[in-house]
Amino acid sequence: MEVPQIPAIIDFNEKKNRGESMGRTKLIIETECKHTHFTWEERLVLQYHYNGTNKLKKITSPTLLGTLLSKHSKTIKRELKRGIVEHMKSDLTTIFEYNADYAQNDAISKNNAKGPSIKLGSDWTLVNSISKLIKEDKYSPYAILQHYKKTQWPSDTRICEKTLYNYIVAGDITDVTVKDLLYAGKRFKPKGKPKKHSNAMNASRSIDKRPKEANERSVVGHWEMDTVYSGKGCSPFCLLTLTERKTRTEIVRKIPDRTAASVTGEIDKIERQLGSVTFRKLFLTITPDNGVEFSNAIGLEKSVLCSTPRTQLFFAHPYSSFERGTNENHNGIIRRFIPKGSDLGLEKKSSIRKIQDWMNKYPRKILGGKSPLEALVKEFGAEFQMPSLLEVKN
């Protein structure tokens, strides 16, 4: 191993001053290091000097070594005690020498044990409560803290969101890892520039023409739409998902297949449930992708209850799912309950409704701790009557 080049530390200059030192030689040693804790480089220098190796002068005096390394002699003694090990020579005799590797590993090991104990300590009540909320209820650290604020903390221990994340990463929460979190520590970013529409009808309703308030999420009533489908070789059943951009309110409906007729028919059902006035108030615009199931743009915009159009459609650019990022993220949440490859034909509508209810009552950081339905009511005012298709069923 190559010794670090620190000439100012390892060079000795001799100077004779007969008037003051009575003819004795006085050593002049330049020093640079000012801190008290040993670094790896300093341990190497100490090893080479104390053992007299690597062509450096052997020095065993703690006082002189302390002057050399700009440390107190007691600090040198403690460091030598830490790193002195017994070596066996080729003639089978033993010798005690300072070993920088041994000392460094010992220092690292002891430093890892330093610092205050974690706040959780032996608070198993809080640990088990957090573990349950993450594993069974699929809550994020932020949602857990919001849940405790709205209900009650299970113990007297209080922690912040960052601390809770740190505990999860460190494995301090029983049976919980980062893989159990919503995105498992991953974040997705859009790649490339949006491609142009190749379909004339979609081009005429391009997302580029969508109202400014929809893009800025300044007004409630602008939705993103997609389908979640079964695995290969399974039934054609799929889920129609709609996500409100500002409040993150979610609607999940099971439909028989991914055809334009099925999607249009399900939107017709929603309008009949809401009524034409409420539907137009709640659904100002809808932004789907360019899938064939959304190809009946005229039918999706046309009301089945009156002559007034019920909504406006705006298509995202091809291969640009990030333009409907909120809906895509919500589809990822659904996949936590219904993994990819599952047969959606086997899922009951009641179980799908429970997923929708969970998403709509889940506290969101982006909403200041409110759930999507709480944010929706705040947007429309106290007089707003929650439609039955969004009511959370206990």
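Which condition breaks for Phe38 when tested against (1) touching an Asp or Glu at 6+ places or on another chain (Cβ under 9 Å); (2) at pLDDT 60 or above; (3) not in a loop (DSSP other than H, G, I, E, B)?
All conditions are met except number (3).
Please work out if Thr287 is at pLDDT 95 or above and in contact with a Gly (Cβ under 9 Å, 6 or more places away or on another chain).
Values: at pLDDT 95 or above: yes; in contact with a Gly (Cβ under 9 Å, 6 or more places away or on another chain): no.
Spelling it out, it is not the case that Thr287 is at pLDDT 95 or above and in contact with a Gly (Cβ under 9 Å, 6 or more places away or on another chain).
Out of region 57-74, which residues are open to solvent by less than 30 Å² (accessible area, probe 1.4 Å), touching a residue at least 12 places away in the same chain (Cβ under 8 Å) and either assigned to a helix (DSSP H, G or I) or farther than 20 Å from Asp106 by Cβ (or both)?
Scanning region 57-74 gives Leu65, Leu68, Leu69.
Do we find a residue being open to solvent by 60 Å² or more (accessible area, probe 1.4 Å), in contact with a Ser or Thr (Cβ under 8 Å, 6 or more places away or on another chain), among the charged types (D, E, K, R) and at pLDDT below 85 anywhere in region 196-215?
No, region 196-215 has no match at all.
Do we have Pro339 as in a loop (DSSP other than H, G, I, E, B), out of contact with any Gly (no Cβ under 8 Å at 6 or more places or on another chain), without any contact (Cβ under 8 Å) to a residue 60 or more places away in the chain and under 30 Å from Leu133 (Cβ atoms) here?
Numbers: in a loop (DSSP other than H, G, I, E, B): yes; out of contact with any Gly (no Cβ under 8 Å at 6 or more places or on another chain): yes; without any contact (Cβ under 8 Å) to a residue 60 or more places away in the chain: yes; under 30 Å from Leu133 (Cβ atoms): yes.
So Pro339 fits the description; yes.
Based on this model, can you work out whether Leu56 counts as at pLDDT 85 or above and not aromatic (Phe, Trp, Tyr)?
Values: at pLDDT 85 or above: no; not aromatic (Phe, Trp, Tyr): yes.
When the stated conditions are applied, Leu56 does not pass them.
Have a look at Ser388, Ser307, Ser303 and point out the one that is surrounded by 15 or more Cβ atoms within 10 Å (Cβ to Cβ) and not in a helix (DSSP H, G or I). So that I can check it myself, show each step before the final result.
Details: Ser388 fails: surrounded by 15 or more Cβ atoms within 10 Å (Cβ to Cβ); Ser307 fails: surrounded by 15 or more Cβ atoms within 10 Å (Cβ to Cβ).
That would be Ser303, the only listed residue that is surrounded by 15 or more Cβ atoms within 10 Å (Cβ to Cβ) and not in a helix (DSSP H, G or I).
Tell me the residue from Val228, Val277, Val292 that is among the hydrophobic types (A, V, I, L, M, F, W, C), out of contact with any His (no Cβ under 6 Å at 6 or more places or on another chain) and without any contact (Cβ under 8 Å) to a residue 24 or more places away in the chain, please. Break it down into steps so the answer makes sense when it comes.
Details: Val228 fails: without any contact (Cβ under 8 Å) to a residue 24 or more places away in the chain; Val292 fails: without any contact (Cβ under 8 Å) to a residue 24 or more places away in the chain.
None of the other options fit; the residue is Val277.
Name the pairs whose Cβ atoms lie under 8 Å apart, with the first residue in region 133-145 and under 17 Å from His330 (Cα atoms) and in a helix (DSSP H, G or I), the second of a type in the set (A, V, I, L, M) and open to solvent by less than 30 Å² (accessible area, probe 1.4 Å), and 6 or more positions between them or separate chains?
Pairs that qualify, where the first residue is under 17 Å from His330 (Cα atoms) and in a helix (DSSP H, G or I) and the partner is of a type in the set (A, V, I, L, M) and open to solvent by less than 30 Å² (accessible area, probe 1.4 Å), are Ala143/Leu133.
How many residues are open to solvent by less than 30 Å² (accessible area, probe 1.4 Å) and either in a loop (DSSP other than H, G, I, E, B) or among the small types (Gly, Ala, Ser) (or both) if we restrict to region 273-296? Break it down stepwise before answering.
First, pick out the residues of region 273-296 that are open to solvent by less than 30 Å² (accessible area, probe 1.4 Å): 274-276, 279, 282-283, 285-288, 291, 293-294.
Among the residues that remain, those that are also either in a loop (DSSP other than H, G, I, E, B) or among the small types (Gly, Ala, Ser) (or both) are: 275-276, 283, 288, 291.
Count: 5.
Check region 99-106 and report whether any residue there is closer than 30 Å to Glu42 by Cβ, surrounded by 13 or more Cβ atoms within 10 Å (Cβ to Cβ), modelled with pLDDT under 90 and of a type in the set (Ser, Thr, Tyr).
Yes: one or more hits.
The values are calculated or read from the model by the stated rules, or taken from the named source; none is laboratory data. Keep in mind that this is a model prediction, so the values were computed, not measured. Ideal geometry is used to build each Cβ from the backbone, glycine not excepted, and the neighbour counts take in all protein chains shown. SASA here: full protein model, heavy atoms, side chains in, ligands and nucleic acids out. Shrake-Rupley method; radii C 1.70, N 1.55, O 1.52, S 1.80 Å.
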